[in-house]
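Q: What follows is a single structure, and I will ask about it in a moment.
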Amino acid sequence: MKKRILTYFIYVIAAAIGSTTVLLTVLTYNMFEKRVIEDLSVNARVFSALIEKEGEERVLSALDDGLRVTLVHADGAVYFDSAANPAEMGNHANRPEIRQALEEGEGRYVRTSETVDRSTFYYAVRMENGDALRVAEEASSIWSIYIRALPLILLIMLLMMALSVYAASVLTRRLIEPIEQMTAHLDHMEGVARYPELEPFMGMIKKQHEEILKSADMRVEFTANVSHELKTPLTSISGYAELIESGMATGEQATRFAGEIHKSANRLLALINDIIRLSQMDSPAQELAMETVDLAQIAANVVEQLRLSAQKMEVSLELDARTAFVQADRRMMEELLYNLCDNAIRYNVRGGAVHVTVHPARERAIVTVQDTGIGISKENQAHVFERFYRVDKSRSKATGGTGLGLAIVKHIAAKHGADIEMDSELGRGTRISVSFERTGRG
Ligand code: ADP
């Protein structure tokens with residue numbers, strides 16, 4: 001970036017100096033040319049008056065250095081010249097300045113010599129007798145002025161260039177330094193020289209930076225939790241298996257131990273299943289298989305799947321659903337409803353009830369799972385959606401919980417832009433509502 005700014009600067013400076021020099025030279029030369037012609041025209045008038053009064057020979061004594069006077073008849077024949085023999089000069093009728101003077105009263109012309117470095121300025125007037133009087137002066141041409149001034153111009157250009165490169169490098173350093181500082185001190189930008197224009201950008205970077213750190217932290221924590229969660233059932237499996245292996249457990253006991261092993265293995269499976277689901281959903285590459293689904297129909301399926309476990313827990317399960325179409329991933333909707341209903345049954349009381357409703361409301365479709373179970377205290381309500389958080393670990397385990405069900409629910413809701421609302425009271429029951437944006441029949 002520094003290098004680019006610098007190169008850019010140098011280009012701009014070179015172009016500025018170059019064009020200024022050219023422009024100035026042209027302007028100065030034009031002024032110079034005008035002056036020369038004006039001088040010549042004054043001279044021409046003076047000489048013509050002088051000649052008319054005192055004859056052409058009088059002119060010679062009045063001539064300045066470098067000035068040349070020529071007298072030409074109306075037919076173009078030269079009959080007097082202050083610097084050459086008129087006899088040797090050809091007919092001048094076709095010289096532009098002479099022709100113009102004879103026709104219009106005055107004429108001018110600038111002729112550049114073949115060697116280019118000098119120009120001759122001509123000015124001619126028509127005298128009262130009809131002849132033309134021409135005054136000429138030689139001067140440096142614009143090119144020779146250029147060439148003579150070139151070393152100086154180059155020197156100035158070089159000097160300016162060096163100066164600007166220095167200025168540009170100081171400027172770029174000053175421009176970039178705050179950015180570098182801001183980048184280096186992302187965590188505490190207060191007190192660092194900074195650009196207000198860059199603050200939103202830096203804020204965004206800072207936020208992303210924090211999010212990355214947070215998610216890395218969460219990942220580490222999650223991995224630690226997962227290892228811990230997997231270890232418990234595995235330890236129990238290993239322990240019971242060892243007892244059976246050593247022959248210490250016999251008959252009825254062995255059967256009980258096998259049952260424990262079975263339970264732990266199932267727990268492991270459930271855990272691994274939930275972990276896989278969560279990590280699948282975490283992956284940004286995972287695409288949602290969005291389609292138009294009827295939440296009422298999904299709720300009916302889920303309720304049927306859970307009817308048996310509800311009976312086992314002696315909990316009544318009721319569904320009150322009205323058709324409500326949403327754009328969603330069908331499998332995720334099933335998981336969401338399943339987890340909510342499963343919890344409502346598992347954290348219920350004997351003879352309790354679970355009420356599932358689906359109803360459209362304005363632009364939204366709302367799914368509610370309400371139970372008359374044990375409820376969740378205010379402190380715990382804030383945490384139950386966290387991974388592996390359980391209020392009563394042994395009850396969760398005993399009923400096959402993994403501590404991930406509500407985390408999955410939260411994840412799915414977030415992926416579908418749905419809002420979750422929870423209302424619970426210890427000993428009275430819990431109500432969880434998820435509200436989706438509704439679509440037409442589609
Ligand atoms: P688990 O697999 O342990 O059920 P969840 O993530 O589904 O994990 O739920 C987290 C915790 O929230 C549960 O362990 C339980 O303590 C509490 N919980 C969830 N749903 C209910 C409910 N309907 N009634 C009472 N407590 C609940």
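The values are calculated or read from the model by the stated rules, or taken from the named source; none is laboratory data. Because the structure is predicted, anything quoted here is derived from the model rather than measured. When we count neighbours, we look across all protein chains shown, and the Cβ atoms used for this are built from the backbone with ideal geometry, even at glycine. Ligands, DNA and RNA are excluded from the accessible area calculation, which covers all protein heavy atoms including side chains. Shrake-Rupley method; radii C 1.70, N 1.55, O 1.52, S 1.80 Å.
Q: Can you give me the long-range amide H partners of ARG68? Hydrogens built in the peptide plane at 1.01 Å from N, cutoff under 5 Å, separation of 5 or more residues or another chain.
A: Excluding prolines and chain starts, which carry no amide H, the hits are ALA136.
Q: Taking only protein heavy atoms and a 1.4 Å probe, what accessible area per residue, in Å², does the range 295-442 have with all protein chains in place? Spell out each step's value before the answer.
A: Numbers: 7320 Å² over 148 residues.
Dividing the accessible area of the range 295-442 by its residue count gives 49 Å².
Q: Here's something else I'd like to know. Can you give the accessible area per residue of the range 62-119, in Å², using a 1.4 Å probe?
A: On the way: 3350 Å² over 58 residues.
With the other protein chains kept in place, the range 62-119 gives 58 Å² per residue.
Q: Among SER424, SER236, SER119, determine the one that fluctuates most according to a GNM of the chain built with springs between C-alpha atoms less than 10 Å apart.
A: SER119
Q: Please list, in chain and number order, the residues 5+ apart from HIS92 or on another chain whose amide H is under 5 Å from its amide H, with Hs placed from the backbone.
A: Counting only residues 5 or more places away or on other chains, the set is ALA77, VAL78.
Q: Compute the longest continuous run of the chain that contains no exposed trypsin sites (Lys or Arg not before Pro); treat a site as exposed when its DSSP state is not H, G, I, E or B and it has at most 16 other Cβ atoms within 10 Å. Provide the component values of the computation, followed by the final result.
A: Numbers: sites that count: ARG194, ARG322, ARG350, ARG362, ARG428, ARG441.
Free of exposed loop sites, the longest segment is 1-193.
Q: Distance check, please: which entries in LYS2/LYS214; LYS312/LYS415; LYS312/LYS397; LYS214/LYS393; LYS378/LYS415; LYS263/LYS378 exceed 24 angstrom between their Cα atoms?
A: Values: LYS2/LYS214 34 Å; LYS312/LYS415 33 Å; LYS312/LYS397 17 Å; LYS214/LYS393 26 Å; LYS378/LYS415 26 Å; LYS263/LYS378 32 Å.
Pairs exceeding 24 Å: LYS2/LYS214; LYS312/LYS415; LYS214/LYS393; LYS378/LYS415; LYS263/LYS378.
Q: Can I ask one more? Using the alpha-carbon centroid of each, what span in Å lies between the range 267-310 and the range 108-154?
A: 97
Q: Which percent of the accessible area of the chain is formed by carbon and sulfur heavy atoms (probe 1.4 angstrom)? Could you put the intermediate results ahead of the total?
A: On the way: 14840 of 26370 Å².
Carbon and sulfur: 56 percent of the exposed surface of the chain.
Q: Also, I was wondering about something else. Choose one of ALA224, SER236, LEU213: the residue whose Cα lies farthest towards the positive end of the charge dipole of the range 165-285 (beta-carbon charges +1 Lys, Arg; -1 Asp, Glu; about the Cα centre).
A: LEU213
Q: Hey, can you list the DSSP H helices of the chain whose Cα span along the axis is 18 Å or longer and whose average Kyte-Doolittle score is at least 0.5?
A: Numbers: long enough: 2-54 (76 Å, 0.58); 142-184 (57 Å, 1.31); 199-245 (67 Å, -0.29); 251-282 (46 Å, -0.21); 295-312 (26 Å, 0.27); 330-346 (24 Å, -0.49).
Answer set is 2-54, 142-184.
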